[in-house]
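Here the structure comes first, spelled out in structure tokens, and everything after it is commentary.
What follows draws every value from the coordinates through simple rules; no lab data is involved. These figures come from a predicted structure and were not determined experimentally. Cβ coordinates were reconstructed from backbone atoms using ideal geometry, including for glycine residues, and neighbour counts include every protein chain displayed.
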Amino acid sequence: MDKLASILNQFSFSTGVFYTGQLCGLGSFEDEKSQVGHIHLLKQGVLEAKEPGKAAIVFDEPTLLFYPRPTSHTIRADKESNTEVVCAEVHYGAGPSNPLASSIPSLVSIPVNHDPRFKETVEWLFEEAFGSKCARQLVMDRLCELLIVQLLRWVINNRQVDVGLLAGLADSRLAKAMEAIHKEPEKNWNLVELSELAMMSRSRFAAHFREVTGQTPGDYIASWRVEVAKSMLKKGKRVGWVANEVGYENTSTLARTFRSKTGMSPKEWQKQFASHL
């Protein structure tokens, strides 16, 4: 399994296109209780995007704007610019507070023409968005999900993040160690094994890991185990079974770690997740 697939299997997401057409005036996305990210895809015209307390950014060529987390922002266009956009919500299976979304800047923007394959996907999306073919909504939603995967590839390959999960995967020395943790979270990993995978000394590996990911190796392993546990709890698995699957000898050890990361016990989290279905 490749390094991106391993994390997407844990942090599932879906998209829903909710607007296609001409933008005239101001579009506001400032719901403090929102649990979604946003995609704004500029087809033509001029688009201004702004977050509170930050300078406005103006885009005048076809561009994908990705807000991975719930972020207060506005988009604006003048009538004269004949600006056309496609807007979609991004929903995460276990909520937006996950290492994947948290490792991406509040806004990532990519010109549509930066890559031929990316451009093909965008053009297909525009064809669906401004057409009337059967299953139009379904196709648009799936294409937006494909665009996010392509965007994540670009972020990793072009080292567009400095700290966090994706920064670690983009680091040639840390990637193998992180992939091993992702593949076998239940294993009792130690610093010697991980540093050997990274072909670094133990002290240098520990320091570099923390510098790049923002966590110690031990804390990262605990965080990843909690995320894997969440994916199992979502499927209705028993807490005791989940504890063994992610490397803990008993439920109390998992519960302590889980509460330290989420503020609630595994059973409380499972119940809360079920209540939102």
(message) I need the calculated FRET efficiency for the pair Arg259 and Ser106, taking r as the beta carbon distance and R₀ as 35 Å, to the nearest 0.05.
(response) 0.80
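Report, in listed order, any pair from Lys230/Lys261; Lys176/Lys237; Lys235/Lys267; Lys183/Lys237 with a Cα-Cα distance greater than 23 Å.
Working: Lys230/Lys261 11 Å; Lys176/Lys237 30 Å; Lys235/Lys267 13 Å; Lys183/Lys237 20 Å.
Where the Cα-Cα span goes over 23 Å, the pairs concerned are Lys176/Lys237.
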(message) Bins of 5 Å, beginning at zero and ending with the bin holding the largest distance: percent of Cα pairs per bin for segment 171-275, please.
(response) 2, 13, 23, 21, 15, 12, 9, 4, 1, 0
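Contour minus end-to-end for Gln272 and Lys54, with contour as 0.36 nm per residue of separation and end-to-end as the Cα-Cα distance? All intermediate terms of the calculation are to be shown ahead of the outcome.
Numbers: separation 218, 0.36 × 218 = 78.48 nm, distance 3.46 nm.
Length gained, Gln272 through Lys54: 75.0 nm.
Can you work out the FRET efficiency for the pair Lys235 and Leu146, with r the C-beta to C-beta distance and R0 = 22 Å, to the nearest 0.05?
Values: r = 25 Å, r/R0 = 1.13.
That gives a FRET efficiency of 0.35.
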(request) Assuming a ≥ b ≥ c are the square roots of the Cα gyration tensor eigenvalues, decide whether segment 24-124 counts as rounded (a/c under 1.5), prolate (otherwise, with a/b larger than b/c) or oblate. (result) oblate
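Working out 0.36 nm times the residue gap between Ser252 and Lys119, then minus their Cα-Cα distance, what length gain in nm do you get to one decimal?
Values: separation 133, 0.36 × 133 = 47.88 nm, distance 4.98 nm.
Full extension from Ser252 to Lys119 adds 42.9 nm.
Hey, got a sec? Which GluC sites (Glu not before Pro) in segment 176-277 land in a DSSP loop and have at most 11 other Cβ atoms within 10 Å?
Values: sites: Glu179, Glu186, Glu193, Glu196, Glu211, Glu227, Glu245, Glu249, Glu268; in loops: Glu186, Glu249.
Within segment 176-277, the qualifying GluC sites (Glu not before Pro) (loop, at most 11 other Cβ atoms within 10 Å) are Glu249.
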(request) Could you work out how far helix 217-234 tilts from the main Cα principal axis of the chain, as a 0 to 90 degree angle to the nearest 10? (result) 70 degrees
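Using Cβ contacts closer than 10 Å as the measure, can you line up Lys43, Lys54, Lys267 from fewest to most?
Working: Lys43 22, Lys54 11, Lys267 14.
Ordered by Cβ neighbours within 10 Å, fewest first: Lys54, Lys267, Lys43.
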(message) Cut-off under 25 Å on the C-alpha distance; same-chain residues fewer than 8 positions from Lys43 excluded. Which lysines are left, in chain and number order?
(response) Lys54, Lys79, Lys119, Lys133
(message) I need Met140, Met264, Met199, Met232 ordered by Cβ neighbour count within 10 Å, fewest first.
(response) Met199, Met264, Met232, Met140
(request) Determine, for His73, His38, the number of other Cβ atoms within 10 Å of each Cβ, and report the residues in order from fewest to most. (result) His73, His38
